[in-house]
Amino acid sequence: MKPLKVETEEPPGRPRATSRLLIKPQSPINALAPAPAPSVKAPRLDAVVVRLERFPIGPVSRAFRKRYYPEVEAGQWNDWRWQARSRIRTLAELERTFMLSDDERDAVMRHEGSLPLGITPYYASLMAREDATEPLRRTHIPVGDEYLKSPGEADDPLGEDGHTAVPGLVHRYPDRVLFLATGFCSTYCRYCTRSRMVGEAGGDYSFSRPQWEEALNYIATHPEIRDVLISGGDPLTLSDERLDYLLGRLRAIKHVEFVRLGTKVPVVLPMRVTRALIRVLKKHHPLWISLHFTHPAELTPEVTEATARLADAGIPLGSQTVLLKGINDEVETLKGLFHGLLTRRVRPYYLYQCDPISGSAHFRTSVDKGLELIGGLRGHTTGYAVPSYVVDAPGGGGKIALLPDYVVGREGDDLLLKNFEGKLYRYTDPEGTVGLDRNPRAG
């Protein structure tokens, strides 16, 4: 296949709502409240008023909009399609907003191929203008280190391509599949596991309706599949109509018990969670959503509204956070994030060891660090705020959960355990074998 010239699954160009009075519209408008029918006695109206959906604008993004987008009204700012079309995608657009370091500028100029630069104006508003080390900025503006490939890294570290049953469908686990619905994201994380296929990937990584149909047919003919995770790219960048179609097709397959969506949209493009989208999602229960949160700075009024709408729709929400060096690798940072998620009805689910994607060494901590962080959380805060720490095994081995080692050894019938404070406790376990290989007096 020839490389694609544009990003796949670009959101529709026409916004669905506006705050202005539209005079003599040249194309139909999907208004929430249709214009009244013309009266026989009254002259026909040449104007249609479209109701604007209310959505909060936090103080940080409000100040950013007034400074860098003064011509953009609040209604337009809260239009998710405008946000997607207006993403920061070039060096010139970056320099209009940020004081770039030489490293950032050089890295942007060197880029070609997949994983392009892409930041929504909303998400850019949360980043520091001058500090290149600020956490959210580091995750989205390229630096030179992403062009260095370290030992153990690969373009497809999880071996997804090798477990692809049909194009766009990964069947690794016995009873579940990964459905890659699109290659488009509203923002592009620089540590993305699927950097090989998102944005302007081209080649074998393309997405289309015929490809969807082939994947759906595969699922329909494999009754062992009970769980479908829709990801990409980001499936919530699809239009309501396409998402409704895909979810409807999956729910019509009797052996598919439930469907999950993996998305970062409510974090980086929260105004996408419209009332219309909620109506679509509620049609297809049981539906679960896995969100991608990184740092407490993402917990804005806009995100609070988006998660509230999803939770009120009866959708269980979980967060999958990637552990990133110098960004969220401190106990207090993670605790602040996880506590904030719980108050927004989002369960911290996974803390991922950063996958060894090519050029990601500057983001990865040691596994020792991850265990240290979990040890600093477990017992020091509510268990609901402690996610599972997992390594997604390279080559397609799947997720492997890791825990700090609390087993000290055995003495007779007693299993010796260490609690979160390092204190020793005995648990009577006369038939057990756990700890037999350890000398409790060692050290």
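The values are calculated or read from the model by the stated rules, or taken from the named source; none is laboratory data. Note that the structure is a prediction, hence the values are computed from the model and not measured. Please note: Cβ atoms are built from the backbone with ideal geometry, for glycine as well, and neighbour counts cover all protein chains shown. Heavy atoms of the whole protein, side chains included, go into the accessibility calculation; ligands, DNA and RNA do not. Shrake-Rupley method; radii C 1.70, N 1.55, O 1.52, S 1.80 Å.
With axes computed from alpha carbons, what is the tilt in degrees of helix 59-68 against the longest principal axis of the chain, rounded to the nearest 10 within 0 to 90?
Tilt relative to the chain: about 50 degrees.
Roughly how large, in nm² to one decimal, is the mean projection of the convex hull of the alpha-carbon atoms in the chain?
26.6
First compute the accessible area of the chain with a 1.4 Å probe, then give the percent of it belonging to carbon and sulfur atoms. Spell out each step's value before the answer.
Details: 11200 of 20800 Å².
C and S fraction of accessible area: 54 percent.
Using +1 on the beta carbon of Lys and Arg, -1 on that of Asp and Glu, and nothing else charged, what's the dipole of segment 306-443 about the Cα centre, debye to 20?
Numbers: 16 positive and 16 negative charges, 90 e Å.
Roughly 440 debye, rounded to the nearest 20.
Out of Phe64, Gly162, Pro174, whose Cα points farthest toward the positive end of the dipole of segment 58-190 (charges: +1 Lys, Arg; -1 Asp, Glu; placed on Cβ)?
In segment 58-190, that residue is Phe64.
Calculate one ³J(HN,Hα) per residue across segment 410-418 by plugging θ = phi - 60° into the Karplus curve 6.51 cos²θ - 1.76 cosθ + 1.60, and present them in order as whole Hz with x for glycine and proline.
9, 9, x, 8, 9, 8, 9, 10, 10
So how strong a dipole does the chain carry about its Cα centre when Lys and Arg Cβ are +1 and Asp and Glu Cβ are -1, to the nearest 20 debye?
2080
Taking Cα atoms, how many degrees apart are the long axis of helix 331-343 and the longest axis of the chain, rounded to 10 and kept between 0 and 90?
So the inclination is approximately 50 degrees.
In the chain, once you exclude exposed GluC sites (Glu not before Pro) (DSSP loop, at most 11 other Cβ within 10 angstrom), what's the longest stretch remaining? Please list the in-between numbers first.
Working: sites that count: Glu71, Glu112, Glu130, Glu224, Glu421, Glu431.
Longest gap between qualifying sites, sites excluded: 225-420.
Per 0.36 nm of contour for each residue apart, how much would the distance between Asp429 and Tyr245 grow if the chain were fully extended, relative to their Cα-Cα spacing?
Roughly 60.8 nm would be gained on extension.
Checking the table Lys149/Lys325; Lys254/Lys399; Lys149/Lys335; Lys66/Lys264 against a 20 Å threshold on Cα-Cα, which pairs fail?
From the list (Lys149/Lys325; Lys254/Lys399; Lys149/Lys335; Lys66/Lys264), the Cα-Cα distance tops 20 Å for Lys254/Lys399; Lys149/Lys335; Lys66/Lys264.
Could you do me a favour and compute the accessible area per residue for the chain, 1.4 Å probe, result in Å²?
Result: 47 Å² of accessible area for each residue.
Once you place label points 7 Å from the Cα toward the Cβ at Arg129 and Thr343, how far apart are they in nm?
Result: 2.8 nm between the two label points.
Measure nothing fancy, just the Cα-based angle from helix 301-312's long axis to the longest principal axis of the chain, in degrees from 0 to 90, nearest 10.
Compared with the principal axis, the helix lies near 80 degrees.
With runs of 4+ DSSP H residues as the only contributors, calculate the mean residue ellipticity of the chain at 222 nm using -39,500 (n - 2.57) per run, divided by the residue total and rounded to the nearest 500.
Dividing the helical sum by the residues of the chain leaves -7500 deg cm²/dmol.
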